[in-house]
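Since the structure comes first, as structure tokens, the remarks are kept for the end.
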Amino acid sequence: MLCAALWSLACAAESPALVETSRSRVPVEAAQPQARATPADDVARPVQALANSVDVTILSTSKAGIGEGEWGFSALVEVDGMRILFDTGAKRETVLRNAKAAGVDLGGVSSVVLSHHHDDHVGGLMRLRNSVASTAPDALKTVHVARGMFESRHVGGKRREVNEMLELRQTFEASGGVVLVHDEPSQIAPGVWVTGPVPRLHPEHNWGGGRQVRGPTGWVEDQLHESQALVIDTEAGLLVVSGCGHAGIVNIATHARNTIREAPIHALGGFHLHRADSEHLAWTMEQLRALGLESFYGAHCTGKAAVREAAKHLPADQVAEVAVGWTLHL
Ligand SMILES: [Zn+2]
Ligand SMILES: [Zn+2]
């Protein structure tokens, strides 16, 4: 097994039981990076690398090319030999069944990236972990989340806790799992980044509402500040993998370009545009085009209208509404 170092801008664990401290180095499994020089005028930036080869397989979304569809999201992302599960679907069994249908062995998947706390993205985590724990105890063992994932949530002023991640974290850690909480963009393997919380520079309101989160001054509307994306830095540009995109795809793409590299954008996943009006869709795609959008593959909560709007700006083979079993190679 080859080991490389984790270069982290800031990856702070929330409890002493976890392993990370800010700017610590943790061995992660990965192929040798294709080194890229640190800019001379910005010596504080971490050493960066480009991913050479990326393959994505959709394992949960509404449309099903194979297996079964559901309202949720999950994708297997393979980068230079390292395999990452991005989100875990809604129902306990969906990703497990769809992985079997796609011929994917999850025993070789070391890390999980969770986009945010909503049930339709974390529902399969423990079932998946338990399915491999006896034969491959290090599989699906490390979970990357962004700060805010474990904040208390209520609905409609009622006091019942609705953030399942609070209980799920305890169960996951009891299974030997490790949770890493990111405050900022972090390179978890050469060319592989999690964004951490995304600054809301543009007024995108890409969430449904209805939940409250406990803030410093009391209960306020939950804007899902933990919403993060996985970004793969490749020769072809930045592949942005999004779960629900509650931070807004324009904010996410802007953040990725500001903190990782100013490169063309390839957008894949859920972007929560299914209820957006035509004006917001047009604005979104104009903004993305200005940020160098080169492909747009919508799943889950993206909506057909958003895909049609993207198609106005992109070649036909660079835009699609994708289904379970769909694959991408970059
Ligand atoms: Zn969501
Ligand atoms: Zn969702």
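Scanning the stretch 299-319 for residues that are among the basic types (K, R) and out of contact with any helix residue (DSSP H, G or I) (no Cβ under 9 Å at 6 or more places or on another chain) yields a count of 1.
Among helices (runs of 4 or more DSSP H) entirely within the stretch 230-315, having at least 2 residues that are within 15 Å of ligand 1 (Cβ to nearest atom) and within 20 Å of D87 (Cα to Cα) singles out 249-259.
Residues that are of a type in the set (D, E) and modelled with pLDDT of 95 or more within the stretch 94-133 comprise D119, D120, listed in sequence order. For the stretch 295-330, a residue qualifies if it is among the charged types (D, E, K, R), buried (at least 19 other Cβ atoms within 10 Å of the Cβ) and free of Cβ contacts under 8 Å to residues at least 60 places away in the same chain, and exactly one does: E309. Among residues of the stretch 193-227 being surrounded by 13 or more Cβ atoms within 10 Å (Cβ to Cβ), aliphatic (A, V, I, L, M) and part of a strand (DSSP E or B), the one that is farthest from ligand 1 (Cβ to nearest atom) is V194.
How many residues does the stretch 90-138 contain that are polar (S, T, N, Q) and either on the phi > 0 side of the Ramachandran plot or buried (at least 22 other Cβ atoms within 10 Å of the Cβ) (or both)? Looking only at that region, the number is 4. Among the residues of the stretch 311-330, just one is of a type in the set (G, A, S) and either modelled with pLDDT under 95 or more than 25 Å from S53 (Cβ to Cβ) (or both), namely A311. Across the stretch 148-178, which residue is surrounded by the fewest Cβ atoms within 10 Å (Cβ to Cβ) among those that are under 20 Å from V132 (Cβ atoms) and touching a residue at least 60 places away in the same chain (Cβ under 8 Å)? Taking the candidates together, the pick is E173.
The values are calculated or read from the model by the stated rules, or taken from the named source; none is laboratory data. Given the structure is predicted, the values throughout are model-derived calculations rather than measurements. Don't worry about glycine lacking a Cβ; one is built from the backbone with ideal geometry, like all the others, and counts go over all protein chains shown.
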